[in-house]
Every structure is written in C-alpha cells, then in structure tokens.
Amino acid sequence: MKKRFLGKMMRLTIVMLFMVLHVIAWEPMPEGYELIDGPHAHDNVSIGVWRDKWSNWKEMELKTYRYSPKDRASVYNTKALQWTQTSLLQVFVMMHDRMLFDRKTNQYTVDRFLSTFDLKFDSVLLWPSYPNLGIDTRNQWQLWHSLPGGIHGLKKLVDDFHARGVRVFLPYLPWDTATHDPNPLKSRYQSDIEELYKLFDATGADGVNGDTLFGVPSSFYRATEGKATCPEGGVPTWDLATNPMSWGYYYGFSSFPPVARAKFLEPRHMVQICSRWSLNRGLEFQISHFNGAGYVLWENIWGIWNGMTVREIETLKRTMMINQQFAFAIPSLQWTPHIPDLPKDLHASKFPVEISKLTFYTIICTNNQVYDGPMSLVLDEFLDASNVAVYDLYYGQKLQVVASGRSIQFSVHVEEYGYGALLVVAQGSEPEWLTTFLSTMHNQTKAPLASYDTQRPLLKQKMTSESSAAVVVSVDATSKAEPSNPKVIELLNLVEIAGVDAWNFTVDGVQIEPVPAWTPNGKDYGVGVQFPWEDRPYPHHATELWIEDFYIMKYPVTNAQYQTFLKASGYVPSDLHRFLLHWDHRHVNSTEYAPISSWIVPDSIANQPVVHVSLEDAQAFASYYGLRLPHDWEWQYVASNGLAYTKLPYGNDLDASRHPTIQRNGDSILSDDVDAFSSGCSTSNSICALIGHVWELTDSFCDTRTCSVLVRGGSSYQPVTSSLRDPNWYFPSIASTTKHGKFLTLSASYDRAATIGFRCAL
C-alpha cells in the first residue's frame with residue numbers, strides 16, 4: 001500500500017513538474033517549421049513530384065493529430081470566428097505612438113492614426129508593454145489599467161476601432177512571471193488566462209496575440225467566447241484546431257516561393273507574414289501574395305522607426321486592394337499553390353470558388369525582367385473553357401482568351417519582381433461590383449512600381465530637455481549657472497560641481513533590440529537617441545564636451561520634499577491617475593480623489609526617493625524652485641567622478657554592500673532612505689544614491705511618432721523573464737555610470753512608475 005501511494009505521489013510530482021516547466025519554459029518553435037520549401041525546379045514534372053510528396057505528408061500529419069476540417073468544434077467552423085479567415089492586413093500599434101495618443105489633451109486619436117496610412121486595415125494589435133515592462137512590478141495586465149482613462153479609456157479606443165471596421169488584438173506575454181502575481185493561489189498560467197478574459201470582457205477586444213509562443217495553448221481558447229488566438233511563433237499541428245491565425249516569420253527557405261505550412265494543412269488558417277526588421281519588404285510581400293496570406297505592417301518597433309519606402313507602400317496597397325476584394329476566395333479548401341505550365345519565373349496559386357463559378361489566381365514574378373507574353377491555364381472542372389471570361393485584376397482589364405480543350409491561353413504583363421492577379425469566371429457570373437473595381441485598379445496601376453522611390457525614411461529626434469551650460473567643445477560657451485535663490489541650495493542640498501574644458505562623454509544605451517545575432521544590420525535603424533550634436537539617433541555616443549560649473553542635488557528628491565513642494569505651490573496634475581500612488585489618504589471613495597493637500601506621506605517613506613511621478617510632475621517641482629532636471633551627460637559626469645571616468649561612483653569594481661539589495665520579483669518594491677548607503681556616494685563630490693536606488697530622469701527626446709526619456713542609475717528591482725532561449729525581455733537593469741536606459745513615454749498615468757524618481761540641477 002505504501003509503495004502504491006509513493007508511486008502515485010511520484011507520478012503526480014512528475015506531472016506537476018512538467019506543468020511548471022511548460023509554463024516557465026514555453027516550447028520554442030523548431031527552425032524552419034513554418035514553411036514548406038517550394039519545388040526545387042518549376043517544370044511540370046518537378047511540381048507534380050513536389051505536390052504528391054507534400055499531399056501525402058499532409059494526409060499523414062492530419063491523421064496523426066486527429067484533425068478533421070469538418071470537426072464542428074474547430075475554430076474554422078465556429079461562426080463567431082469566420083472573420084479570421086479573411087483578416088488579411090494588420091497594423092502593429094505602439095500605444096506610445098503620438099499619432100494614436102495626444103498627450104496634451106490626454107485623448108486617443110484613432111482617426112489621426114489611421115489617416116497616416118492610405119490602407120484598409122482588417123485588424124490592429126495594441127501594444128502597451130515591452131520594452132517598458134519590468135521597469136517596476138506592474139505586470140502586463142496592470143499596464144492596461146495604467147493607460148489614460150484606465151480600462152474605460154481602453155474600451156472606448158476599442159469601440160472607436162470597431163466603428164471603423166477594424167478588429168482589435170491584445171498581446172499576451174507568457175514570459176512575464178517576475179512582476180506582480182495576480183493570484184498567488186493559482187499558477188501564473190491559470191491566472192493569466194483569467195486576467196486575459198477579464199480584459200476581453202471589459203474592452204470587447206477580438207483576439208489575443210501570443211508573444212513568443214509557438215502555438216497559443218488550447219486552454220486559452222474558449223469556444224463560447226469567440227475570441228481569436230494568434231501565436232507569434234507559428235502554430236504546431238496539434239494547436240491548429242484552436243488557433244485560427246498565426247504570424248509568419250518566413251526565412252531559411254532554399255527554394256522560392258515557399259508555402260505556408262499552416263495554411264497548406266488548413267487553407268482556412270490565416271497566416272500573417274511579419275518581418276519587423278526587414279529592409280526588403282518586397283520579399284515578404286511576394287510570399288504573402290503568392291500564398292494568399294496576410295501581412296503585419298509594423299513600422300514603429302519599440303519606438304524605433306523602420307518606415308516603409310514609397311514603393312513598399314504602393315506595393316502593399318495594390319496587392320491588398322486585390323486580395324481584400326477577393327478575400328472570400330482566400331479560404332478556399334481547394335487552394336493550390338505552385339500552378340504548373342507557367343512561364344519561367346512566374347509563380348501562381350489558385351483559389352477556386354465553385355459556388356460562385358470562379359477561380360481567383362495570385363501571381364508573382366521572381367525575375368529582374370518584365371514578363372510580357374503568353375500564359376496558359378488548365379481550368380477547374382466546374383468551368384467550361386468555351387464560356388469563361390478572364391480579367392487581369394492588377395491592371396484592371398479584360399483579356400482576350402483562346403480556348404483549347406480544358407485549357408485557355410491569353411497574354412499577361414507582370415513587372416520585374418512584380419505582382420499579378422487573375423479572375424477566371426463563367427461568363428455572366430461576374431460579381432456586380434467587378435466593373436467598378438477594375439476601373440479603380442486600372443487607375444491605381446498606371447505607373448510602374450519601379451518608378452516609386454525606394455529610399456527608406458529615418459526619423460530624426462529632437463531633444464526636448466531644458467538647456468544647460470554643456471556644449472560640444474568646438475562651440476563657444478560662456479554662460480555660468482548661478483542660483484536664483486540661495487536658500488534653494490540649502491533647502492534642497494544642492495552641491496556645486498566644478499566643470500572642465502574638455503571631458504569625454506561616452507555612453508551606451510542598453511536596449512534589447514535589435515538583437516545583434518538576429519539583426520546583424522541593426523546599425524541601419526534609428527536605435528537610441530539623438531543628442532543635439534548628432535545627425536541621427538544612435539545607441540552608442542562618444543564626443544568631447546565643455547562642461548561648465550553647475551549645481552546638482554546631493555540626493556534624489558524625497559517624498560517629504562515633494563510634499564513640501566505640493567503645499568507651497570498648489571500644483572495639481574491634470575490627470576491624478578497613479579500620481580504618488582504610494583501615499584496615503586489619496587481617495588475619498590473608490591471614484592473620487594481627496595484634495596492633494598490632505599494626502600499623507602507615511603513616516604516610513606518620508607526620506608525615500610519620491611516615485612510615481614511623471615516627467616511633468618518632476619519638471620513642475622524643478623521649475624518651482626528655479627531648477628531643471630540634469631542632462632544625461634551631467635549625471636554621468638557627477639557619477640563617474642569627472643576626469644576619473646570611473647564605472648561606479650566609488651570606483652570600478654561593483655560592491656553589492658554599497659547598494660540596496662537586488663529584488664527579482666515581488667508584489668512591492670522595498671526602498672531605502674536616500675542617505676542609507678553613504679559608502680556608495682561619488683568619491684569626488686559626495687553625491688549619493690546614484691546607483692541601484694531609483695531610475696533618475698534626465699534628458700527627453702521626441703520624433704514625430706514616439707517620445708522617450710533617458711533614465712540613469714537603475715533600481716533595486718531587476719526581474720528575470722521565464723524564457724528558454726530568448727533574451728531577458730524585461731526592461732534592462734543597469735549598474736554602471738556609462739550606460740543609460742531609454743523609457744518610452746506615453747501618458748502621465750502610464751509613466752508614473754514605482755522605480756522612477758529624479759533629482760534637480762542648475
């Protein structure tokens with residue numbers, strides 16, 4: 001009996017261990033899993049051999065996993081999710097995008113965002129989290145609540161997109177396990193599912209994008225809810241029945257064009273091609289068009305702009321105009337890629353729709369020469385060669401057809417590396433809107449794609465911080481900082497810092513992406529920030545500066561000092577959401593704030609750095625006392641002991657005893673008084689609490705789409721993600737004077753973090 005009990009316990013332990021490992025280390029996608037290589041040669045025999053091989057594989061693969069297209073429980077036969085089969089064009093939306101949100105009015109601006117494109121989007125993916133997630137213990141679900149207007153504001157945003165015919169996806173980040181645990185009584189996996197569906201219920205969003213996931217697990221799919229699941233890393237066959245969509249990162253193929261594996265298994269599955277760091281989107285467009293797949297338009301990559309060229313925009317517009325118009329054909333169960341008997345370097349797929357007596361074809365050219373010549377097709381059984389019409393959908397014209405048995409021949413024109421589309425339809429069965437559509441496409445394609453500009457835009461940034469007496473050496477500088485009110489020096493413990501004629505400012509940004517191993521051409525993007533002396537954004541900076549004398553606070557601003565400021569100034573932010581969240585008596589009731597004058601600072605945190613303040617909140621404090629935030633180079637000049645260039649305020653070797661204790665996870669962050677670690681102060685000027693206490697605000701930057709602020713010093717909260725092969729996706733930690741972090745700003749409420757504070761300079 002005892003042995004049997006122990007055996008049961010051992011099996012239970014193994015099962016539980018497996019579940020834990022499954023959550024901690026999600027199964028990675030095998031290399032090349034998303035693709036089926038096309039035929040190595042494109043003659044009729046090679047295509048036939050290829051088709052037989054992969055048709056046999058498909059039959060065995062579906063049998064192995066007991067998948068049936070007729071299964072009534074399948075997502076493809078669920079009425080509420082039929083829209084996923086024709087949802088072709090998605091735009092990735094950073095919630096920080098200045099076109100989507102107006103910080104001055106604290107309002108979302110959907111029409112302004114959509115007007116920046118001349119495209120019809122089927123869906124959007126709203127993204128509020130990475131790369132900021134992990135700046136404090138807010139988990140991915142709490143960040144939604146931090147947005148302007150909270151969940152009610154998010155629901156209105158979703159409603160606004162719905163009113164314009166655009167579906168809305170929200171991301172799920174399975175690696176987020178070191179932030180606040182929403183329900184410690186359950187596994188993080190279970191509580192994440194619950195939190196996701198709470199968010200669905202509150203906002204009316206349509207689906208979830210599973211970040212980094214190789215298939216969104218079936219436990220996330222609830223048939224009665226009608227919410228779509230779309231994994232970022234492709235979908236394995238065993239999850240095909242519950243994942244109606246997936247992203248496609250298509251690379252590593254040896255024969256072009258490759259075939260979408262998931263769509264080959266289930267033609268109604270919608271694959272959306274994605275390649276955010278691509279500098280040649282034409283390749284992805286061709287794969288998308290050939291497969292009848294969707295596309296993810298992604299230009300704002302974590303605040304880094306990888307904009308479309310004019311030619312890419314025009315290409316996407318033309319192909320999507322066609323494919324969205326004929327989206328009803330895309331899910332055809334008779335979809336056939338790699339049609340035989342085509343001219344060299346032309347590749348086509350067909351999408352028969354027997355009920356409508358038509359077949360839709362997508363065509364690509366993989367040669368650098370224009371093809372202008374004959375093309376023949378063998379018709380589907382339901383079409384009669386003597387009674388069909390053929391329309392060139394790309395150029396918007398009817399073609400002259402010669403019939404021979406079950407084959408037809410006609411002439412086509414396809415640009416170099418270009419696109420085409422055909423409609424073969426029984427005469428008299430043409431859609432009633434066809435004439436109008438042909439006219440539209442005829443006007444749209446008058447100019448060849450080759451005539452459009454291929455120069456890729458790079459957004460310049462402007463530093464929006466207040467000026468100071470630090471300039472590049474080649475520029476004359478004569479100004480000298482003087483305190484407007486000598487009492488402020490004593491009140492806020494400002495220390496005078498002696499400048500220097502020439503000081504080397506060398507600093508590295510600690511952004512995660514682009515990951516060098518995955519994106520070797522990362523230097524071509526606008527990564528990092530652009531200081532006034534630079535011609536574009538850079539992640540690494542090195543220049544020689546003339547540093548004038550200036551003043552800086554010995555410690556970060558404390559809660560007690562900020563309370564004094566509030567009482568003296570009467571400052572009230574326009575949005576109180578998350579303002580000084582760690583203070584007491586902030587509310588009269590669950591919906592009404594108490595007057596700020598009645599808010600109480602707990603004695604235990606009075607001498608700790610003030611946090612839960614936005615850039616505006618910090619600037620208001622500084623401005624009231626005639627001060628400003630320090631520049632990034634000033635902070636480093638102080639922390640690295642000027643010409644000593646030390647990596648830490650007290651030297652070059654890290655000593656953990658001189659800093660607050662590192663915290664990897666937890667529901668709250670334990671803080672220390674600003675004067676708690678005197679041994680960690682800078683040796684040359686006795687400025688303290690520079691490393692590991694709170695991130696400190698320095699310079700801010702904006703381009704036309706995103707704003708950011710540089711933060712220095714790091715905090716004691718340093719979470720680590722649950723990922724198997726990927727980097728640590730949380731906001732990177734810092735313990736160095738020669739590195740800075742880049743925090744993407746959104747709204748005052750969102751920016752107020754439990755680990756971001758500030759000190760002032762003059």
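Rule-based calculations on the coordinates, nothing more; no lab input. Here the structure is a predicted model, which means the values were calculated and not measured. Please note: Cβ atoms are built from the backbone with ideal geometry, for glycine as well, and neighbour counts cover all protein chains shown.
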> Beyond 34 Å, what percent of the Cα pairs of the chain remain?
Replying inline: 55 percent
> Of the peptides 243-249, 631-637, 566-572, 522-528, how do they stack up when ordered by the mean number of other Cβ atoms within 10 Å, highest first?
Replying inline: 243-249, 631-637, 522-528, 566-572
> If R0 is 22 Å, what FRET efficiency do you get for residue 738 and residue 515 from their C-beta distance, rounded to 0.05?
Replying inline: 0.55
> For residue 116 and residue 436 in the same chain, what is the full-extension length gain: residue separation times 0.36 nm, less their Cα-Cα distance, in nm?
Replying inline: 112.6 nm
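Quick one: of 227/317; 70/198; 460/523; 104/739; 104/156; 63/263, which pairs are farther than 20 Å apart, Cα to Cα? Walk me through the numbers on the way to the answer.
Working: 227/317 28 Å; 70/198 31 Å; 460/523 15 Å; 104/739 31 Å; 104/156 18 Å; 63/263 16 Å.
Among 227/317; 70/198; 460/523; 104/739; 104/156; 63/263, the Cα-Cα distance tops 20 Å for 227/317; 70/198; 104/739.
Quick check: convex hull over the Cα atoms of segment 462-757, volume per residue in Å³, rounded to an integer?
Cα convex hull per residue, to the nearest whole number: 151 Å³.
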> Along the charge dipole of segment 462-757, Cβ charges K/R +1 and D/E -1, which of 674, 488, 542 sits furthest on the positive end?
Replying inline: 674
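Compute the signed sum of charges (Lys and Arg +1, Asp and Glu -1) over the other residues within less than 13 Å, Cβ to Cβ, of residue 689.
Details: positive: 554, 658, 712, 759; negative: 672, 673, 675, 696.
Once positives and negatives cancel, what remains is 0.
Based on other C-beta atoms within 10 Å, arrange 311, 112, 261 from fewest to most. Walk me through the numbers before you get to the answer.
Numbers: 311 17, 112 14, 261 24.
With the fewest neighbours first, 311, 112, 261 line up as 112, 311, 261.
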> Which one of 260, 139, 621 is farthest out on the positive end of the charge dipole of the chain, using unit charges on Cβ (Lys, Arg +1; Asp, Glu -1) and the Cα centre as origin?
Replying inline: 260
>> Given Cβ point charges of +1 (Lys, Arg) and -1 (Asp, Glu) and nothing else, what value in debye, to the nearest 20, does the dipole of the chain about its Cα centre take?
In response: 2000 debye
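With a Förster radius of 30 Å, plug the Cβ-Cβ distance of residue 485 and residue 616 into 1/(1 + (r/R0)^6) and report the FRET value to the nearest 0.05. Can you show the working numbers first?
Working: r = 22 Å, r/R0 = 0.74.
So, using R0 = 30 Å, E works out to roughly 0.85.
If packing is taken as the mean number of other Cβ atoms within 10 Å per residue, what is the order of 604-612, 645-653, highest first?
Working: 604-612: 20.6, 645-653: 16.7.
Put in order of decreasing packing, that is 604-612, 645-653.
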> Net charge near residue 125, counting Lys/Arg +1 and Asp/Glu -1 over other residues with Cβ under 15 Å of its Cβ?
Replying inline: -3
> Just from its helices, what would the mean residue ellipticity at 222 nm be for the chain, if runs of 4 or more DSSP H residues each count -39500 (n - 2.57) and the sum is divided by every residue, rounded to the nearest 500 deg cm²/dmol?
Replying inline: -6500 deg cm²/dmol
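Using 1/(1 + (r/R0)^6) with R0 = 30 angstrom and r between the beta carbons of residue 443 and residue 387, what's the FRET efficiency to the nearest 0.05?
Working: r = 30 Å, r/R0 = 0.99.
After rounding, the FRET efficiency stands at 0.50.
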> How far apart, in nm, are the 7 Å Cα→Cβ label points at residue 328 and residue 501?
Replying inline: 8.0 nm
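At 0.36 nm per residue, and after removing the present C-alpha to C-alpha distance, how many nm does the segment from residue 369 to residue 44 gain when stretched out fully? Let's see the in-between values first.
On the way: separation 325, 0.36 × 325 = 117.00 nm, distance 2.25 nm.
Extending this stretch completely gives an extra 114.8 nm.
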>> Which residues among segment 195-230 fall inside the zone where the amide N is under 12 Å from a point 7 Å beyond the Cα of residue 159, along Cα→Cβ?
In response: 203-204
